[in-house]
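Peer 1: Below you will find the structure I want to go over with you.
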Amino acid sequence: MKVNCLLCDTFSEIFTNEFTSYILMFRNLFDSVHSDTEYEIFDVREEIYPRTLNNDDIYLIPGSNAGAYDDTLWVQTLIKFIRKMYMENVKIAGVCFGHQIIAQALGGKTEKAVQGWGAGVRTSNIIDSKAIAYFPDKTMNLHYNHHDQVTELPPQAVCFAQSDFCPYEGFYINNRIITFQGHPEYTADYSRYLLLNHSDDEPEDVKLKALDSLSLKVDSLSAAKWILNLN
């Protein structure tokens, strides 16, 4: 199994000796499900893309400080590439920004969330029978750190999870595309580090509530299994 990561940010100002690489968090997560997973990274901000598309591979679009609605060249090029991947029926997974830009590319809409900053661990309700196979308790707990939200789904998408804070916590299209607004790759230690060291401009009450939520058990492995089981 191979995961092609379409890198949209390195968060170089965040990572330290303790947290060394954003992509390493994905590798640790996926390797806990399939230890033989292969990886290749393409920095799409530098216009570096796979030369060919393989229907057996997974194309992962992870997080970014950019907005899916930004009128920058690399974001617009990525939107065109997502449409190309969709037309060629390859397997695509989106996380946070990836979730948002896949929606934007395929006919949905992403905007700044009027609800404000989403942070910490959030519980959403599973509302689709296919998702219950991965989340049998009919709830999904994931780490979050976002200001944007999908406000309109692509017409062909099925929403599988909702919360009071975010109406579209994730969606799928056929068996080839799966997205999560949350971050299955995050750990509690990393979320805590972000909240304590990189959220100075955020509301203090939201930060304290987010820190308190980190004691909740998360469903990262279930999300990873769904990503790696796309077919």
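Peer 1: Six or more apart or on different chains, Cβ under 7 Å: which pairs go from a residue in region 206-231 that's farther than 20 Å from H99 by Cβ to one that's basic (K, R)? Could you list them?
Peer 2: Close Cβ pairs (under 7 Å, with a partner that is basic (K, R)) amount to L211/R192; L214/R192.
Peer 1: Right, another one. Which ranges mark the strands (runs of 3 or more DSSP E) fully within region 114-157 that have 1 or more residues being in contact (Cβ under 8 Å) with a residue 12 or more places away in the chain, under 14 Å from W226 (Cβ atoms) and not acidic (D, E)?
Peer 2: Ranges flagged: 118-126, 139-146.
Peer 1: Only one of (1) touching a residue at least 24 places away in the same chain (Cβ under 8 Å); (2) assigned to a loop (DSSP other than H, G, I, E, B); (3) farther than 20 Å from N145 by Cα fails for I48. Which number is that?
Peer 2: Of the numbered conditions (1) touching a residue at least 24 places away in the same chain (Cβ under 8 Å); (2) assigned to a loop (DSSP other than H, G, I, E, B); (3) farther than 20 Å from N145 by Cα, the odd one out for I48 is (1).
Peer 1: Additional query: Filter region 175-222 down to the residues that are small (G, A, S), assigned to a helix (DSSP H, G or I) and either in contact with a His (Cβ under 9 Å, 6 or more places away or on another chain) or farther than 21 Å from I61 by Cβ (or both) and list them by number.
Peer 2: Passing the criteria: A188, S191, A210, S213, S220.
Peer 1: So, in region 193-228, exactly how many residues are modelled with pLDDT of 95 or more, of a type outside the set (S, T, Y) and buried (at least 16 other Cβ atoms within 10 Å of the Cβ)?
Peer 2: 14
Peer 1: Checking the conditions here, which among A103, A68 is part of a loop (DSSP other than H, G, I, E, B) and touching a strand residue (DSSP E or B) at 6+ places or on another chain (Cβ under 7 Å)?
Peer 2: A68
Peer 1: Regarding region 168-179, can at least one residue be identified that is crowded, with 17+ Cβ neighbours inside 10 Å, touching a helix residue (DSSP H, G or I) at 6+ places or on another chain (Cβ under 6 Å) and within 17 Å of V95 (Cα to Cα)?
Peer 2: Yes, region 168-179 contains a residue that is crowded, with 17+ Cβ neighbours inside 10 Å, touching a helix residue (DSSP H, G or I) at 6+ places or on another chain (Cβ under 6 Å) and within 17 Å of V95 (Cα to Cα).
Peer 1: Among the residues in region 183-200, are any over 23 Å from N65 (Cβ atoms) and free of Cβ contacts under 8 Å to residues at least 60 places away in the same chain?
Peer 2: no
Peer 1: Continuing with the same structure: Please determine, by comparing only the residues of region 118-150 that are within 18 Å of C96 (Cα to Cα) and surrounded by fewer than 17 Cβ atoms within 10 Å (Cβ to Cβ), which one is farthest from the chain's Cα centre (by Cα).
Peer 2: Step by step, filter region 118-150, then rank; the result is N125.
Peer 1: Here's something else I'd like to know. Restricting attention to region 7-55, and to residues there that are β-branched (V, I, T) and modelled with pLDDT under 90, which single residue is farthest from N89 (Cα to Cα)?
Peer 2: T16
Yes/no matrix, rows are residues, columns are (1) surrounded by 14 or more Cβ atoms within 10 Å (Cβ to Cβ); (2) in a loop (DSSP other than H, G, I, E, B); (3) out of contact with any strand residue (DSSP E or B) (no Cβ under 8 Å at 6 or more places or on another chain); (4) touching a residue at least 24 places away in the same chain (Cβ under 8 Å):
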position: F26; (1), (2), (3), (4): yes, no, no, yes
position: L29; (1), (2), (3), (4): yes, no, yes, yes
position: E40; (1), (2), (3), (4): no, no, no, yes
position: L60; (1), (2), (3), (4): yes, no, no, yes
position: S64; (1), (2), (3), (4): yes, yes, yes, yes
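The values are calculated or read from the model by the stated rules, or taken from the named source; none is laboratory data. Remember, predicted model here, so these are calculated numbers, not experimental data. Using ideal geometry, Cβ is built from the backbone for each residue, glycine included, and neighbour counts are taken over all protein chains shown.
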